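All remarks here apply to the structure that follows.
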Amino acid sequence: MRTFFIAGNWKMNTLPGEAAQLVDAIVSSKSVQEAPSSVIVAMFPPHLSLTSAIEAAGKFRVSIGGQNCHHKEHGAYTGEISASVLAHIGCSHVIVGHSERRRDHGETNELIGQKATRAITSGLIPIICVGETLAEHEAGRTKEVVGAQLSEILNAAGKEIVAGSIIAYEPVWAIGTGRAATPQQAQDVHQFIRHWLDEHQTPNLPILYGGSVTPENASALFACEDIDGALVGGASLKHESFCAIIDAAAKASTQ
């Protein structure tokens, strides 16, 4: 039986009360209640909605995580949040290096490696994001770019940190555009990442696809050998569409 990890990145959406309602709708759904243990579900609300989401999740078999963390444990870093605070309030995971953080905040691969290190030393599992821009994709440089990102993150964090992480491949040109990579395109990059991880002694990591995953394309993506789940954006903000993706993972896990 294959294991799938389905993560919902809510980005800068939901007030605390809305987050609680959405978590409640998802955890009480038939999709979650009857999901096999091989399907792991996680949700990533905005930081100020985390406590409400964690309380709503209760003891159900779902995880709540942060969308970002700082690479230092504490200090004079106005507006930031530490990995230790996320762990303290009950988070289990944190996203590091999302393409929007790279684009809007200039995050480098070295910094992302440092954040992954801080996450693991604080008791969190980091979801490390990699992926290429439209220009890089059209120039045929996808594997070159993704390989370089992984190398620099590995150099900054070390093998033990990367080996304890989850990798998310998110083609930047497909995020929020409705233009998803085809299943074969996604599989090709996932296979490359898996081979890269094997060659660098960090095998058996879950590799998620994160580029406009929807109920319509989830089944085809999950049928691919090297796709272990999804980092879902817009479709995770409605429990019906997120649950449909969970259902697709549940079906794929038994095939």
* Amide H to amide H, which residues 5 or more places from Ala230 or on other chains are under 5 Å from it, using H placed in the peptide plane? -> Phe5, Ile6, Ala7, Tyr209
* So, in Å, what gap is there between the alpha-carbon centers of the stretch 34-73 and the stretch 164-207? -> 22 Å
* Relative contact order, percent, the chain [alpha-carbon distance under 8 Å, six or more residues apart] -> 22 percent
* Compactness ratio of the chain: Cα Rg over 2.2 N^0.38 Å, N = residue count? -> 0.93
* Principal axis lengths of the stretch 18-66 from Cα atoms, whole Å, largest first? -> 31, 18, 14
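Of all beta bridges DSSP finds with both residues in the stretch 1-132, what is the antiparallel percent, to the nearest 5?
Values: 0 of 15 bridges.
Of all bridge pairs located within the stretch 1-132, approximately 0 percent are antiparallel.
Please report, in debye to the nearest 20, how large the charge dipole of the stretch 1-133 is about its Cα centre when each Lys and Arg carries +1 at its beta carbon and each Asp and Glu carries -1 there.
Numbers: 11 positive and 11 negative charges, 53 e Å.
Charge dipole, the stretch 1-133, about its Cα centre: 260 debye, nearest 20.
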* To do: Kindly provide the helix-only [θ] at 222 nm of the chain, computed as the sum of -39,500 (n - 2.57) over DSSP H runs of four or more divided by all residues, to the nearest 500 deg cm²/dmol?
  => -13000 deg cm²/dmol
* To do: For the stretch 66-150, give the magnitude of the charge dipole about the Cα centre (Cβ charges: +1 Lys/Arg, -1 Asp/Glu; no others), in debye to the nearest 20.
  => 200 debye
* Structure fact -> In vacuo Debye sum over C-alpha of the stretch 73-161, base-10 log of normalised intensity I(q)/I(0) at q = 0.13, 0.14, 0.23 Å⁻¹, listed in q order, is -0.46, -0.52, -1.16
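Throughout, read-outs are computed from the coordinates displayed, never taken from laboratory work. Please read all numbers here as calculations on a predicted model, not as lab measurements. No Cβ is skipped: glycine too gets one built from the backbone with ideal geometry, and neighbour counts run over all protein chains shown.
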